[in-house]
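The values are calculated or read from the model by the stated rules, or taken from the named source; none is laboratory data. Predicted, not measured: the structure shown is a model, and the values here were computed from it. Using ideal geometry, Cβ is built from the backbone for each residue, glycine included, and neighbour counts are taken over all protein chains shown.
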Amino acid sequence: MHSSKKIWLCAAIVALSCAQHASAQTATAPATTAPKPPLSFFITSEGLGKGADLGGLAGADAHCQKLATAAGAGSKTWRAYLSTQATKDQPAVNARDRIGTGPWHNTRGAVVARDLAHLHGDTLDAARLGNNLNWATAFTEKNEPVKRAGDKPNEHDILTGSLPDGRAFTDAADHTCKNFTSSAADGSAQVGHFDRTGGGNTSWNSTHTSKGCGQENLVSTGGAGLFYCFASN
């Protein structure tokens, strides 16, 4: 009888010890987190150094691809967010038509915009709510902030050549520094403010025109020849 009780007591102690050990392992097990979405949006950490002369859309796209590759995201197809105006030889190109359908994430995994409608405020609700592109989410491919209003120097002017809806201008004026092939002191390109500050409105893609196309001209109004890059796939 005593032997039977001892066996039962030992079994109970072993079972309790195992349960406590399992409970401790569960309590100390690290929580699993979802993987960070891959990079699909950034502001160029540097321009090409020739003002608004980016070598046209092809040159700007190549620059996006080069920077993305250096950041480990070269497997995607990257496009510069730029519109070009119609000429006698080629039709206009809309920035919004070049960048895929989204969603787009920054270097820290945050959603900048879910889709084209969210990015541009195509519907009343989308326009009212706005996208998530601002100084707190718009980083370079190096995961670094861009100098904004109040910083020295201010570099919040981002080349786009676009209307607020992401489409090209249709009037006779030059809004793209000759489709991003000119670095002359004259001419102009439409820019947006990534920090949503100054310029009479809070547009990220269509705030005002530059005062010339050269590097010094862009710097004089708060820019550095930077532009947005989006992964189109």
Checked Leu159, Leu116, Leu129, Leu163 against criteria (out of contact with any strand residue (DSSP E or B) (no Cβ under 9 Å at 6 or more places or on another chain), hydrophobic (A, V, I, L, M, F, W, C) and modelled with pLDDT of 95 or more); the one match is Leu116
Among residues of region 199-232 being at positive phi and not in a strand (DSSP E or B), the residue nearest to the chain's Cα centre (by Cα) is Gly222
Residues in region 69-82 that are assigned to a loop (DSSP other than H, G, I, E, B) and either basic (Lys, Arg) or over 17 Å from the mean Cα position of the chain (by Cα) (or both) total 1
The residue from Asn179, Asn143, Asn205 that alone is under 25 Å from Gly74 (Cα atoms), buried (at least 24 other Cβ atoms within 10 Å of the Cβ) and in contact (Cβ under 8 Å) with a residue 12 or more places away in the chain is Asn205
*Within region 166-186, can one find any residue that is in contact with a Gly (Cβ under 6 Å, 6 or more places away or on another chain) and within 14 Å of Tyr228 (Cβ to Cβ)?*
yes
Here the residues within region 83-139 that are surrounded by fewer than 16 Cβ atoms within 10 Å (Cβ to Cβ) and of a type in the set (Lys, Arg) are Lys88, Arg108, Arg114, Arg128
Requested in this report: Evaluate the following for Lys66: is it part of a helix (DSSP H, G or I) and surrounded by fewer than 16 Cβ atoms within 10 Å (Cβ to Cβ)?
Outcome: yes
